[in-house]
Amino acid sequence: MIIVTGASRGLGRTICERLMSNGKEVIGLARKPEELPFRAEACDVSSHEQLKAVAAKLKKEGVEVEGLINAAGIASMNLAITTPPSTAEKIVQTNLLGTIYSCQAFAPLMLRRKKGSIVNFSTIAVALGLKGESIYVASKAGVEGFSRSFAREMADFGITVNCVAPGPIATNLLKGITEGQIEKIVSQQIFKKMFRPEDVADLVEILLDDKAASMTGQVIHVGGA
């Protein structure tokens, strides 16, 4: 079974649908999991207690977890000095602590197998140091640092931990960002183009495959930085 957070839309949903189409069993986590074409559990990743409750439920059911995809995340384009504390806290709580909490909840369900893959999500904005995204960048830089160290902690159990860091992808995360801002970000990538959610799903599938079992502690930029 593969667990995917942020499964109700955007990258999370695309990843779930791709995995299902290739015969994988998926459990999606979302705050509002109604009408999804796969099993979904209501869960806010910023809540340690909610994640623990879902993990306990799956353990009781005897679910074997082979993969964890932490696709849940939020963004906000704003200068740091004009960002309200409540917004800053929400970004860090969801992106960084949500990833940490999810790993704390579900990695223990993978230990018995001595095999598995965890894929966390960063952003190309970290490598590029994008103006107007400093708090978002801080949260995702934390995810990168956590992933590198967590990869070492999980290595003895045969579990890989990697980060996917996409450039601008056509999802709800781009809502509120102007076309000019998107073009400016794309111009700083190695490949000067937008990528699709499906392109990210392709990479996630590779990281979940046994053939990638020797790759861990890496940050992989979709688009190139």
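So the values come out like this:
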item: Efficiency of FRET from Cβ geometry, residue 63 and residue 213, R₀ 25 Å, rounded to 0.05; result: 0.70
item: Per-peptide average of other Cβ atoms within 10 Å, ordering 13-21, 129-137 highest first; result: 13-21, 129-137
item: Angle in degrees between helix 134-154 and the longest Cα principal axis of the chain, rounded to the nearest 10; result: 30
item: Fewest-first sequence of 190, 27 by Cβ atoms within 10 Å of each Cβ; result: 190, 27
item: Residue with peak Gaussian network fluctuation, the chain [Cα springs, cutoff 10 Å], from 40, 170, 125; result: 170
item: The chain: calculated mean residue ellipticity at 222 nm from DSSP helix runs of at least 4, using -39500 (n - 2.57); result: -12000 deg cm²/dmol
item: Chain lengthening between residue 202 and residue 24 when straightened (0.36 nm per residue, less Cα-Cα); result: 62.7 nm
item: Selected from 25, 61, 205 as most flexible by GNM, with the chain as the system and alpha-carbon contacts under 10 Å; result: 61
item: Nearby lysines by direct alpha-carbon distance to residue 60 (threshold 28 angstrom, same-chain neighbours under 8 apart not counted); result: 24, 32, 52, 114, 115
item: Gap separating the Cα centres of the range 1-32 and the range 60-94, nearest whole Å; result: 17
item: Additional length obtainable on full extension of the chain from residue 79 to residue 153, 0.36 nm per residue less Cα span; result: 23.1 nm
item: Local electrostatic count, residue 52, Cβ distance below 14 Å [Lys/Arg +1, Asp/Glu -1]; result: 0
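Just so you know, all these numbers are worked out from the coordinates, no wet-lab data involved. Note that the structure is a prediction, hence the values are computed from the model and not measured. Heads up, the Cβs are rebuilt from the backbone with ideal geometry, glycines too, and the neighbour counts pull from every protein chain shown.
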